[in-house]
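First the structure, in the form of structure tokens, and then the observations on it.
Derivation of every value follows stated rules applied to the coordinates shown; laboratory data play no part. This structure is a prediction, so every number in the text was calculated from the model and none was measured.
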Amino acid sequence: MCRSIKTLRPPVTPEPGEDDIRAAALQYVRKVSGFHAPAAHNREVFDEAVGAVAEATERLLAGLVVRGRRDAPTAGASQG
């Protein structure tokens, strides 16, 4: 487990911002790739991975149902 990544799920982090999500994504990609800072020839793929992980994290956090929270999404609720 990467100890630098903090829990972003409410109520641990009530309102994680874009910076929080991006920092967690960066730490994950660093851990998986083994590079703290990639060489120039790996920069593009490294940055793409950080973006993809950040997007997946945003989707995850938006879809989580946290018990006991009134503002939590309801499973099976219709949208629109």
Please give the length that would be gained between R43 and V66 if that part of the chain were fully extended, namely 0.36 nm times their separation in residues minus their C-alpha to C-alpha distance (nm, one decimal).
-> 4.7 nm
Under the Karplus relation with 6.51, -1.76 and 1.60 and θ = phi - 60°, whole-Hz ³J(HN,Hα) for the stretch 6-20, x at Gly and Pro, equal 8, 5, 9, 6, x, x, 4, 10, x, 9, x, x, 4, 5, 4
